[in-house]
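S.K.: Take a look at this one; I'll ask things after.
Read-outs: derived from the displayed coordinates by stated rules, not from any lab. These numbers come from a predicted model, not from an experiment. FYI the Cβ positions are ideal-geometry reconstructions off the backbone, even for glycines, and counts take in every protein chain you see.
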Amino acid sequence: MRGAYGVEAADIFRRHGPGHRESHNLPHNQLRAMHAIEVCKTSELGGHRDKCDNEDCQHVRVSYNSCRNRHCPKCQTLRKEKWIWDRAADLLPIQYFHVVFTIPAELKPLVLSNQKVMYDLLFRSVSETLVELGNDPRRLGARIGFISILHTWGQNLMDHPHVHCIVTGGGLSPEEDKWVSCRKGFFIPVRVMSELFKGKFLDYLRQAYESNKLVFPGIISHLEQHNTFESFRRQFYHKKRVVYCKPPFNGAQGVLQYLGRYTHRVAISNHRILKLENDRVSLRWRDYADGDKNKIMTLDAGEFIRRMLLHVLPDRFVKIRHYGLLANKRRKHYIGLARFLLGSSMVETKARKPHETWQEWFRRVTGIDVTLCPVCKKGRMVTVEILYPSCNGPPQECRL
């Protein structure tokens with residue numbers, strides 16, 4: 001989806017990306033993401049030409065291939081829909097909670113210089129906190145399940161690492177012979193989660209330092225000294241809460257709606273970009289610190305690119321992770337057992353059927369028929385030509 005004035009992130013990257021690459025020493029993962037966004041849905045990646053089979057219409061449409069990069073604003077819809085419907089099979093007839101874990105702003109420079117180590121550390125601290133409190137007989141005394149999703153941005157595109165968790169409102173008893181439910185509308189006290197998470201995170205941070213897993217370039221070079229680092233680390237024990245729990249989801253449908261909004265989100269969607277004018281980008285954002293007011297921010301194009309690149313994840317880094325009942329290894333077993341104990345039948349899902357094209361599956365799942373002619377609304381768009389990538393010269397075309 002393009003912005004209000006027909007501008008999208010790819011346009012900004014194409015126009016100002018070359019200059020940004022020349023003036024900045026960028027890592028390979030950021031360079032790859034930049035290139036992918038720039039060539040997405042262009043002739044450089046090839047595509048196909050479709051023609052309406054209605055004799056009275058015969059509308060022709062050229063479609064170029066997607067880059068499929070997970071940081072591209074245009075490439076998440078199909079992947080998101082498939083992932084969501086795969087997860088629908090795991091939903092139980094219980095309440096679900098939305099818990100968010102954040103880290104203090106003072107840690108951001110350290111995180112940016114050590115992304116993989118710090119993001120893994122964040123995931124580990126979050127998962128151990130929820131598992132430990134779920135198992136604690138003073139709290140719930142049960143094996144819970146949850147999905148954790150890493151987001152690294154705020155509305156202003158600056159770095160703001162935090163983890164969203166979708167947590168089952170209950171779990172299997174230690175003997176796995178009954179389902180233990182949370183109290184209605186109540187999970188675990190936020191203060192308890194916050195203190196345990198904070199302790200685990202700061203302890204693992206110390207271990208990472210002592211194991212020489214952290215680097216300290218530029219403005220954080222002073223933290224390489226042991227005493228300075230320890231003083232820096234210990235100050236966070238006195239920070240206020242870093243965890244908050246939102247109201248429970250409104251049933252399974254509420255969980256699916258949330259998943260649709262959060263799982264495959266990128267730092268900024270194209271519809272928030274208003275215009276590119278005089279090498280400056282205007283975009284919408286919501287200022288949570290000012291009563292959630294909608295505002296307009298204008299950035300130099302180079303600064304816009306810099307902020308987007310802050311959120312390019314390390315290569316092969318997994319940003320959506322499953323734990324407890326939802327861990328991949330034994331998920332089918334635990335979900336099946338939970339359904340039996342809850343007296344619930346298996347949820348019918350819209351998984352892709354054998355020999356079903358992605359267009360047929362997409363129509364069944366979303367109700368959107370991408371093969372319907374956009375002009376006459378009667379005919380079907382049929383592929384008549386394959387357009388090969390043009391990166392090594394003029395596009396080669398092969399008639400089917």
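S.K.: Grab the other residues whose beta carbon is less than 12 angstrom from that of Lys378, score K and R as +1, D and E as -1, and report the net.
M.R.: Net charge in that neighbourhood comes out at -2.
S.K.: Computed over the Cα atoms of the range 150-284, what is the convex hull's projected area averaged over all directions, in nm²?
M.R.: Its average projected convex-hull area is 13.3 nm².
S.K.: Just one of (i) 24.0, 79; (ii) 22.6, 67; (iii) 23.4, 75 is Rg and Dmax of the Cα atoms in Å as worked out from the coordinates here. Which one is it?
M.R.: (i)
S.K.: For the chain, set up a GNM with springs between Cα atoms under 10 Å and report which of His98, His35, His238 has the largest fluctuation.
M.R.: In this elastic network of the chain, the residue with the biggest mean-square fluctuation among His98, His35, His238 is His238.
S.K.: Separate question: How many angstrom lie between the Cα centre of the range 172-251 and the Cα centre of the range 10-66?
M.R.: 40 Å
S.K.: Is the shape of the range 78-201 rounded, prolate or oblate, going by the alpha carbon gyration tensor and its root eigenvalues a ≥ b ≥ c, with a/c under 1.5 for rounded and a/b larger than b/c for prolate?
M.R.: It is oblate, given that a/c is not under 1.5 and a/b is not larger than b/c.
S.K.: Starting at the first residue of the range 188-201, write each ³J(HN,Hα) from the Karplus equation 6.51 cos²θ - 1.76 cosθ + 1.60 with θ = phi - 60°, in whole Hz, x for Gly and Pro.
M.R.: Those phi angles translate into 9, x, 4, 4, 5, 4, 5, 5, 5, 4, 4, x, 5, 4 Hz.
S.K.: If Lys and Arg each add +1 and Asp and Glu each add -1, what is the summed charge of the other residues whose beta carbon sits under 9 Å from the beta carbon of Arg70?
M.R.: The answer is +3.
S.K.: Can you put Arg138, Arg21, Arg261 in order of Cβ neighbours within 10 angstrom, beginning with the fewest?
M.R.: Starting with the residue having the fewest Cβ neighbours, the order is Arg138, Arg261, Arg21.
S.K.: I need Cys57, Cys245 ordered by Cβ neighbour count within 10 Å, fewest first.
M.R.: The most exposed by this proxy come first: Cys57, Cys245.
S.K.: Now a separate question. Measure up Lys178/Lys329; Lys80/Lys378; Lys178/Lys319; Lys246/Lys293; Lys80/Lys116 against 26 Å on the Cα-Cα distance and list the ones that go over.
M.R.: Those over the limit are Lys80/Lys378; Lys178/Lys319.
S.K.: A further question on this structure: Which of rounded, prolate, oblate describes the range 186-225, given a ≥ b ≥ c as roots of the alpha-carbon gyration tensor eigenvalues and a/c under 1.5 marking rounded, otherwise prolate only if a/b is larger than b/c?
M.R.: Prolate, because a/c is 1.5 or more and a/b exceeds b/c.
S.K.: Order of 225-236, 142-153 by packing, highest average Cβ count within 10 Å first?
M.R.: Answer by packing, highest mean first, reads 142-153, 225-236.
S.K.: Between Asp292 and Leu256, what is the label-to-label distance in nm when each label sits 7 Å out along the Cα-to-Cβ direction?
M.R.: So the two model labels end up 2.4 nm from each other.
S.K.: Please report, to one decimal in angstroms, the Kirkwood hydrodynamic radius of the range 247-302 built from all distinct Cα-Cα pairs.
M.R.: Kirkwood radius, the range 247-302: 13.6 Å.
S.K.: Shifting gears a bit: Cut-off is 10 Å between beta-carbons; in what order do Lys198, Lys80 appear when sorted fewest neighbours first?
M.R.: Ranked by crowding around the Cβ, least crowded first: Lys80, Lys198.
S.K.: Average projected area of the Cα convex hull of the range 1-119, in nm²?
M.R.: That works out to 13.6 nm², a quarter of the Cα hull's surface.
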